[in-house]
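The values are calculated or read from the model by the stated rules, or taken from the named source; none is laboratory data. Just so it is clear, the structure is predicted and the values come from calculations on it, not from any experiment. Every residue, glycine among them, receives a Cβ derived from its backbone with ideal geometry; neighbour counts consider all protein chains shown. With ligands, DNA and RNA removed, areas are computed over all heavy atoms of the protein, side chains included. Shrake-Rupley method; radii C 1.70, N 1.55, O 1.52, S 1.80 Å.
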Amino acid sequence: MAAQRGGRVRVPVMYHHWADITFIHWRYPVDLIQGMLPDGLTVDAFDGSAWVGLTPFLMRDVRAPGIPALPWLSRFPETNVRTYARDAKGRTGLWFLSLDAALLPAVLAARAAYRLPYHWAAMSVTGTATRRVYRSRRHRSGAAAAHCHAEVELGAPLTAPGELAEFLTERYRLFTVIAGRLAHAEVEHPSWPLHQARLLRLDQTLVQAASLPAPGGAPLVHASRGVHVQVGPWSFQ
């Protein structure tokens with residue numbers, strides 16, 4: 001069993017299982033991404049580049065402490081567009097450029113409680129043990145609705161993922177802005193059991209809808225069957 005990673009979450013406010021996830025990453029210029037971050041955060045760069053990730057997955061077993069996972073509220077697809085940042089104390093974490101989810105109550109609750117830029121979308125995650133298909137389209141009339149259709153083939157487990165793969169996936173802090181103040185929440189989970197992955201198809205406009213230029217070049221792709229997660233409360237310290 002993988003060891004727990006991240007800052008210890010002493011008082012979890014949410015439990016999740018992030019399942020059937022694919023990490024799709026591109027390089028972007030540091031200056032471009034820095035202009036999208038709030039005061040108090042700077043780009044966490046690797047090899048001279050900022051990185052932007054498109055991460056479709058299945059959210060499962062979502063519940064608050066002391067409440068059982070309810071079938072109609074605890075399981076839904078989600079897709080995030082994210083980048084990586086550090087605060088003035090040098091703490092690193094995720095900055096979300098957008099989050100799409102299929103369950104409207106979850107979207108409304110996350111917007112209210114976590115101040116994160118969630119969007120309601122029609123979504124699905126299907127596939128087999130070695131192939132996944134993700135589909136998403138935001139609930140908006142017309143052909144311009146932001147969408148994502150990704151098909152991924154899973155390969156062998158990565159026993160030694162490497163420094164860049166860990167930089168892109170092993171993240172244990174979320175940043176947001178609440179009432180004009182930078183806040184963070186700690187996240188605790190085992191290390192991702194990563195697999196090699198090959199992108200068979202990608203048709204997406206979520207990255208562009210987050211006010212970024214369309215990604216260029218071949219993306220870096222990893223996949224995982226998932227981890228169980230504890231999320232802590234927001235802190236301003």
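Residue check: is residue 224 within 30 Å of residue 90 (Cα to Cα) and open to solvent by 60 Å² or more (accessible area, probe 1.4 Å)? Against the criterion (within 30 Å of residue 90 (Cα to Cα) and open to solvent by 60 Å² or more (accessible area, probe 1.4 Å)), residue 224 does not qualify. Of all the listed residues (140, 198, 173), the sole one being under 17 Å from the mean Cα position of the chain (by Cα) and basic (Lys, Arg) is 173. Would you check which residues across the range 65-100 are of a type in the set (A, V, I, L, M, F, W, C) and touching a strand residue (DSSP E or B) at 6+ places or on another chain (Cβ under 6 Å) and list them? Across the range 65-100, the qualifying residues are 69, 76, 81, 85, 94, 95, 96, 97, 99. Looking only at residues in the range 195-212 that are open to solvent by less than 40 Å² (accessible area, probe 1.4 Å) and touching an Asp or Glu at 6+ places or on another chain (Cβ under 9 Å), the one that is nearest to residue 233 (Cα to Cα) is 206.
If you go through the range 99-108 one residue at a time, do you hit one that is under 22 Å from residue 124 (Cα atoms) and without any contact (Cβ under 8 Å) to a residue 12 or more places away in the chain? Checking the range 99-108: at least one residue is under 22 Å from residue 124 (Cα atoms) and without any contact (Cβ under 8 Å) to a residue 12 or more places away in the chain. Evaluation of residue 141 against the conditions (1) modelled with pLDDT under 95; (2) open to solvent by less than 70 Å² (accessible area, probe 1.4 Å) shows that the sole unmet condition is (2). Pairs meeting the criteria (first residue in the range 44-67 and over 29 Å from residue 102 (Cβ atoms), second residue surrounded by 15 or more Cβ atoms within 10 Å (Cβ to Cβ), beta carbons under 6 Å, at least 6 apart or on different chains) are 44/84; 44/85; 44/86; 44/92; 45/30; 46/167; 49/27.
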